[in-house]
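Data first, discussion second: the structure below is written as structure tokens.
The values are calculated or read from the model by the stated rules, or taken from the named source; none is laboratory data. These numbers come from a predicted model, not from an experiment. Here Cβ is always computed from backbone atoms with ideal geometry, including for glycine, and neighbour counts include all displayed protein chains.
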Amino acid sequence: MSKSKFLKLDNMSLEHVLDEDADLIPLMTPEDEEEINKEDVPDVLPILPLRNTVLFPGVVIPITAGRDKSIQLIKEANKGNKTIGVVAQKNESIEDPTINDIYKVGTVARILRMLKMPDGNTTVIIQGKKRFEVDQFVQEEPYIQATTKGRVEDRSNEKEPEFDAIIESIKEMSVKIIKENPNLPSEASFAIKNIESKPFLINFVSSNMNLKVEEKQELLETTNLKERALLTLKKMDAELQRLELRNDIQSKTRTDMDQQQREYYLHQQLKTIQEELGGVSYDEELDEMRQKAKSKKWNDEVKAAFEKELGRLQRMNPQVAEYSVQRNYLDLLLELPWNEFSEDLFDLKRAQKILDRDHFGLEKVKERIIEHLAVLKLKGDMKSPIICLYGPPGVGKTSLGKSIAESLGRKYVRMSLGGVRDEAEIRGHRKTYIGAMPGRIIKDLKKAGTSNPVFVLDEIDKLASSSHNGDPSSAMLEVLDPEQNTTFYDNYLELDYDLSKVLFVATANSLSTIPWALRDRMEIINVTGYTIEEKVEIAKRHLLPKQLKEHGLTKEHIAIGKKELEKIVVAYTRESGVRGLEKMIAKMVRYAAKSIAMEEDYDVKVSIETIEKVLGASHLERDKYESNDVAGVVTGLAWTSVGGDILFIESIISKGKGLSITGNLGKVMKESATIAMEYIKANAEDFGIKPKVLDEYKVHIHVPEGATPKDGPSAGITMLTSLVSVFTQRKVKNKLAMTGEITLRGKVLPVGGIKEKILAAKRANIKELILCASNQKDVEEIKASYLKGLKFHYVTEMSEVIDIALTKQKVKNAKKI
């Protein structure tokens, strides 16, 4: 073998027995390989099983022989030709392997040196020569011997450029692995770079990789050199990734530990500095919390819970993560207004003035608040009611809560429920969760600082129903039930809290989306829309001054009279509330602000012409009454989520049979059309309709604005009137509208939303209304000023509707039927 290059073994277990020359192991060169391949292998080889490693050709390894058979084999071979066959055990736990427990492919090895160790074991340094395969086992005692046959290596791809590239990659990756693995000596990189023999490089790397015995055996048994090189490269890549990941984890762990230690020392130094400067130390903070607790109006249960949790905090290390969680919980206990109440003001006249000042109209709501104050003044204590203000958007439901709070002299809290779909928003999270917080009810009470604020639950009808995060609407039941909310349980607080003194005011646009159980716990007060007169007053008293202030102007800069305000209301808004009106007024104020800023001339007193110039032409024509010159067109009244509205029912007949309905109608409206048609068939002669006509003509009913879904029973009498009008070709009475449900017996039933419908009729310049007699009580509850200019017809039978609605006069160009 060439003596030009050597690899120094870094084996501490051999260091004390190897002399200076013995630990220099020669690296194999191509010339050495040729010499080895020419060497003859004895016909019979003694077989040495290795427990947990695989020997590769050309590689030198030290092995420790502890089994009697192995020691005897080595001693006899060392005295002879020093050549043995080395194979790996399939299962390293077997102490005395038989021929079935070892692999059949191994490496012919030469004993370089045999050493006696101080512990009695024998250490042997051996070097692999060439691969062999067991042909036949000839004996098992005193050790295994076998005849062998050579295992020829396929080097057909050795001259390919691709093979050279693989070898270079193996060298480069070997250097990377040596850098990443602290257990490998840095000198190994130098040795790898200087290996000339490509097969030996592959064997050397395979031998030193951290692989399982079966994986190394797979490499040993691969005869094609290029395939073995590729397999070696693949396993090296996996090992490099494991090393990089391990080093990265160790680096992060070490960094985290260093950071924690650094923070601990800094905290200790900060504590010392604070004490030196007279600041609050850790112990002083605990004492301060105890002093605060003495002033709290706690019952025995809360007091005991605080002492227990404070004791836990005292035993905790301030550096652990749970310390801040525990501290936040104790701070919540201390900051909540347990049994702390603001004093109610029982000046009923003052309360009435505040309500009248902030809101025009809304008499029922104001009356209910004054009643509550009166009872509270007489009794001194009562459970607060749960009021639900129900009505269209923009009528002042939310702002009413502020006025109630001011009139009572209480704190005001508002909580928006729109889109809340997590039960924890109401009840809070359990403290065991990461990022746990109390529910919004408890948080808002802490912010208010009293246990009896006016608490506005805004948009309660938009509270989400059951989901994977729980059912927030069901969680709200405990909040709003006067019999349960004396012991409201928050998951984070884990203590009962009394909500019975809180005056809850809920707001909703629609009752249909509120669960029945939740609606049952509230007192529903209908906040209806405003009349034109009311909108003008609201604009004059509230909206215009507010917009002037927001735009930095005064009443000297722009003046809008009642007539002009009425023009804006009638021509540019059709809502029940006043939000759209406020936007129009804001636009007028911006016009004045722009003119002032640009130093342009403008009229301070706004005229009708100025309104049309700034706001443009009126686009609200659909509320206008349509003429009665066409048979089958009748004006109906409808209720929507934004207030009252008018709708038109159109009917037409043509040759054929059947009934068709269009206009995006719901199931109930379609049923009303069917009922009206069947009633007409059953009473055709009473209406002057020939029964033969009903069989020969097809009827089509249409409700315009097909893009808008429409449903409900209110259009029943409207559809009946439309059908009779088209069959008889009689005119519908001028400026007439109607609403009511019908039955097959010919009865007219009452419907809801009467005030909103009346307001819609006034906006459309309707003069007469047909209503069910049972709805008369609803009309009587409305202010007489709202009903000025309207005539009401109260009916109980369908025949009465026809007598009132249709004239004897035929329409122009009446169709001959």
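What the table below lists for this structure:
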| item | result |
| --- | --- |
| Count of residues meeting criterion [among the hydroxyl-bearing types (Ser, Thr, Tyr), assigned to a loop (DSSP other than H, G, I, E, B) and touching a residue at least 40 places away in the same chain (Cβ under 8 Å)] in segment 545-582 | 2 |
| Single residue of 693, 668 found to be aliphatic (A, V, I, L, M) and within 30 Å of residue 644 (Cβ to Cβ) | 668 |
| Filtered residue count, segment 553-581, keeping only those that are closer than 30 Å to residue 509 by Cα and either among the hydroxyl-bearing types (Ser, Thr, Tyr) or modelled with pLDDT of 90 or more (or both) | 3 |
| Single condition residue 740 does not satisfy, out of (1) surrounded by fewer than 23 Cβ atoms within 10 Å (Cβ to Cβ); (2) touching a Cys at 6+ places or on another chain (Cβ under 6 Å) | (1) |
| Test: residue in segment 353-361 that is modelled with pLDDT under 80 and either assigned to a loop (DSSP other than H, G, I, E, B) or of a type in the set (D, E, K, R) (or both) | yes |
| Of residues in segment 298-355 being within 35 Å of the chain's Cα centre (by Cα) and aromatic (Phe, Trp, Tyr), the one surrounded by the fewest Cβ atoms within 10 Å (Cβ to Cβ) | 323 |
| Odd one out for residue 403 among (1) in contact (Cβ under 8 Å) with a residue 12 or more places away in the chain; (2) among the hydroxyl-bearing types (Ser, Thr, Tyr); (3) more than 28 Å from residue 578 (Cβ to Cβ) | (3) |
| Flag if residue 132 is in the same structural domain as residue 35 (by TED's automatic domain parsing), modelled with pLDDT of 85 or more and of a type outside the set (Asp, Glu) | yes |
| Selection within segment 578-612 - under 49 Å from the mean Cα position of the chain (by Cα), surrounded by fewer than 15 Cβ atoms within 10 Å (Cβ to Cβ) and under 13 Å from residue 567 (Cα atoms) | 612 |
| Which listed residue is hydroxyl-bearing (Ser, Thr, Tyr), in a helix (DSSP H, G or I), within 20 Å of residue 87 (Cα to Cα) and under 56 Å from the mean Cα position of the chain (by Cα), from 189, 169, 206 | 206 |
| The one condition in (1) more than 24 Å from residue 783 (Cα to Cα); (2) buried (at least 18 other Cβ atoms within 10 Å of the Cβ); (3) assigned by TED's automatic domain parsing to the domain that holds residue 434; (4) modelled with pLDDT of 85 or more that residue 507 fails to fulfil | (1) |
| Test: residue 770 is surrounded by 17 or more Cβ atoms within 10 Å (Cβ to Cβ) and assigned by TED's automatic domain parsing to the domain that holds residue 671 | yes |
| Residues located in segment 504-544, provided they are without any contact (Cβ under 8 Å) to a residue 24 or more places away in the chain and within 22 Å of residue 368 (Cβ to Cβ) | 520 |
| Residue in segment 141-164 that is surrounded by 15 or more Cβ atoms within 10 Å (Cβ to Cβ), in a helix (DSSP H, G or I) and modelled with pLDDT under 85 present | yes |
| Filter result (buried (at least 19 other Cβ atoms within 10 Å of the Cβ) and in a strand (DSSP E or B)) within segment 477-496 | 488 |
| Criterion (surrounded by fewer than 18 Cβ atoms within 10 Å (Cβ to Cβ) and without any contact (Cβ under 8 Å) to a residue 40 or more places away in the chain) met by exactly one of 435, 409 | 435 |
| Residue check, residue 623 assigned to a helix (DSSP H, G or I) and modelled with pLDDT under 85 | no |
| Only listed residue being under 17 Å from residue 520 (Cα atoms), of a type in the set (S, T, N, Q) and in a loop (DSSP other than H, G, I, E, B), chosen from 465, 474, 451 | 465 |
| Unmet criterion (only one of (1) under 43 Å from the mean Cα position of the chain (by Cα); (2) crowded, with 20+ Cβ neighbours inside 10 Å; (3) of a type outside the set (D, E, K, R); (4) closer than 25 Å to residue 639 by Cβ) for residue 536 | (1) |
| Matching residues in segment 224-252 - criterion: being of a type in the set (Asp, Glu) and crowded, with 16+ Cβ neighbours inside 10 Å | 239 |
| Residue within segment 111-128 that is of a type outside the set (Ser, Thr, Tyr), touching a Lys or Arg at 6+ places or on another chain (Cβ under 7 Å), surrounded by 17 or more Cβ atoms within 10 Å (Cβ to Cβ) and free of Cβ contacts under 8 Å to residues at least 40 places away in the same chain present | yes |
| Answer from 692, 681 - the residue that is more than 54 Å from the chain's Cα centre (by Cα), free of Cβ contacts under 8 Å to residues at least 12 places away in the same chain and either surrounded by fewer than 17 Cβ atoms within 10 Å (Cβ to Cβ) or assigned by TED's automatic domain parsing to the domain that holds residue 797 (or both) | 692 |
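Residues checked against (1) in the same structural domain as residue 389 (by TED's automatic domain parsing); (2) of a type in the set (Gly, Ala, Ser):
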site: 514; (1), (2): yes, no
site: 520; (1), (2): yes, no
site: 536; (1), (2): no, no
site: 539; (1), (2): no, yes
site: 574; (1), (2): no, no
